[in-house]
Amino acid sequence: MKRLNSQLQQDGAPLELILLIRTLLAGCKEISFRVSQGELAGVLGSTLSENVQGETQKKLDVISNQILKDTLSESGYVKAISSEEEDTVVPCNPDGNYLVSFDPLDGSSNTEINSLIGTIFSITHAPQWMKPEDPSAFLQPGTQMVAAGYVLYGPSTMLAMTTGRGTHLYTLDKTHGGFLLTTPNIKVPEDTAEFAINASNQRHWEEPIQEYVSDLIAGTEGPREKDFNMRWVAAMVGDIHRVLCRGGIFAYPFDKRNPKVPGKLRLLYEANPMAFLMEQAGGLGDTGHGRIMEVMPEEIHQRVPVLLGSKNEVEMCKSYYK
Ligand code: F6P
């Protein structure tokens, strides 16, 4: 099976980007090991602190964040980091050529039930003019990403990644510690009969998504004349992995409870990387009002509504917004 390096070279990734990705993945392999130790290493449960988003930090959130921060800042390739677990940007090497944004442990409440969790990341060029402590360089639309992906810590540890030449899936071979290409150029089926949404928020949704989901639930008796199934892992990495592998639509829509917070998921290290992976696999990533990757971020922890997945189903959902 092909190794990660050869695939990245074949996709034309520059050497420095390949080295940066390898460094990032070395950190993810360490996270994968810590996660698999679970209760044995005393890493489960919460800390007494909250992150900048007001979420209680799990011990594994803090550990994973520290691992990635240390590996990336020591690498020399990175000018600055933005992380879900850091209030502001973390300055690294002033001469580094890249910016990395990440959610070190997405879905971390799943650690308590030994269920799916993962690391999500996106990489852009660092502008020459930028000072490492200046957050403004992170405020680029997703179209500027040079690479993005996630590492899923499941029954096997898998990597989904794109550098803009298709989305490829790799599996970590723990016998030698390398990621091997297991599904090159994955394609998301254009049509689907599966959706993923946290339906307990239904009363807070806007009209268009209310109508869309009611039509899905109405099944063969409704306007879609077809039965749909629903799945919810409560970790974006797990839900998006399923959608990449067998199609579907994943939605975390705008929620009327707090008009100042336009959705739950964060643009830089959740919505954008997943939209890049999805588009490169033939799917779509939209907010309901436009392409996720064209949203101009206003701050590093900005949230956006997301619709991700099978092309025809995302288009169908969007049509309710018009
Ligand atoms: O980081 C946010 C996140 O944990 C996502 O991974 C996941 O899709 C979502 O929140 C789960 O939300 P809820 O708590 O509404 O199920």
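Across segment 134-158, what is the number of residues that are surrounded by fewer than 21 Cβ atoms within 10 Å (Cβ to Cβ) and β-branched (Val, Ile, Thr)?
So the answer is 2.
Results for (1) among the polar types (S, T, N, Q); (2) at pLDDT below 95, shown as yes or no for each residue.
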{"position": "62", "(1), (2)": "no, yes"}
{"position": "100", "(1), (2)": "no, no"}
{"position": "119", "(1), (2)": "yes, no"}
{"position": "130", "(1), (2)": "no, yes"}
{"position": "141", "(1), (2)": "no, no"}
{"position": "150", "(1), (2)": "no, no"}
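Take segment 203-222 and flag every residue that is without any contact (Cβ under 8 Å) to a residue 40 or more places away in the chain and open to solvent by less than 30 Å² (accessible area, probe 1.4 Å).
Once the filter is applied, which keeps residues that are without any contact (Cβ under 8 Å) to a residue 40 or more places away in the chain and open to solvent by less than 30 Å² (accessible area, probe 1.4 Å), segment 203-222 yields 213, 216, 219, 222.
Select from segment 71-89 the residues that are without any contact (Cβ under 8 Å) to a residue 60 or more places away in the chain and either more than 20 Å from residue 150 (Cβ to Cβ) or within 13 Å of the ligand (Cβ to nearest atom) (or both) and list them in ascending order.
73, 74, 76, 79, 80, 85, 87
Which numbered condition trips up residue 200, out of (1) at pLDDT 95 or above; (2) out of contact with any Gly (no Cβ under 9 Å at 6 or more places or on another chain); (3) surrounded by 15 or more Cβ atoms within 10 Å (Cβ to Cβ); (4) farther than 22 Å from residue 275 by Cβ?
Of the numbered conditions (1) at pLDDT 95 or above; (2) out of contact with any Gly (no Cβ under 9 Å at 6 or more places or on another chain); (3) surrounded by 15 or more Cβ atoms within 10 Å (Cβ to Cβ); (4) farther than 22 Å from residue 275 by Cβ, the odd one out for residue 200 is (3).
Table: residues versus (1) in a loop (DSSP other than H, G, I, E, B); (2) near the ligand (Cβ under 10 Å from one of its atoms); (3) not basic (Lys, Arg).
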position: 208; (1), (2), (3): no, no, yes
position: 211; (1), (2), (3): no, no, yes
position: 226; (1), (2), (3): yes, no, no
position: 239; (1), (2), (3): no, yes, yes
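Please list, ordered by first then second residue, the pairs with beta carbon atoms under 9 Å, 6 or more apart or interchain, first in segment 255-269 and farther than 28 Å from residue 149 by Cα, second within 13 Å of the ligand (Cβ to nearest atom).
Pairs that qualify, where the first residue is farther than 28 Å from residue 149 by Cα and the partner is within 13 Å of the ligand (Cβ to nearest atom), are 256/204; 256/205; 257/201; 257/204.
Hey, can you tell me all the residues within segment 39-61 that are within 14 Å of residue 84 (Cβ to Cβ), open to solvent by less than 60 Å² (accessible area, probe 1.4 Å) and either in the same structural domain as residue 266 (by TED's automatic domain parsing) or within 16 Å of the ligand (Cβ to nearest atom) (or both)?
Correct list: 51, 53, 54, 55, 57, 58, 60, 61.
Only one residue in 72, 19, 8 is at pLDDT 95 or above, open to solvent by 40 Å² or more (accessible area, probe 1.4 Å) and closer than 20 Å to residue 126 by Cβ, so which one is that?
Result: 19 is the single residue among 72, 19, 8 that is at pLDDT 95 or above, open to solvent by 40 Å² or more (accessible area, probe 1.4 Å) and closer than 20 Å to residue 126 by Cβ.
Which numbered condition trips up residue 308, out of (1) assigned to a strand (DSSP E or B); (2) more than 14 Å from the ligand (Cβ to nearest atom)?
Checking residue 308 against (1) assigned to a strand (DSSP E or B); (2) more than 14 Å from the ligand (Cβ to nearest atom), the one that fails is (2).
Might you let me know whether segment 170-188 holds any residue that is in contact with a Ser or Thr (Cβ under 6 Å, 6 or more places away or on another chain) and over 24 Å from residue 117 (Cα atoms)?
No, every residue in segment 170-188 fails to be in contact with a Ser or Thr (Cβ under 6 Å, 6 or more places away or on another chain) and over 24 Å from residue 117 (Cα atoms).
Going through segment 241-292 one residue at a time, which ones are charged (D, E, K, R), more than 14 Å from the ligand (Cβ to nearest atom) and in a loop (DSSP other than H, G, I, E, B)?
256, 260
The values are calculated or read from the model by the stated rules, or taken from the named source; none is laboratory data. Keep in mind it's a predicted model, so treat the numbers as computed, not measured. Glycine gets a Cβ as well: all are built from the backbone with ideal geometry, and neighbour counts include every protein chain shown. We work out accessible area using only protein heavy atoms, side chains counted, and drop any ligands, DNA or RNA first. Shrake-Rupley method; radii C 1.70, N 1.55, O 1.52, S 1.80 Å.
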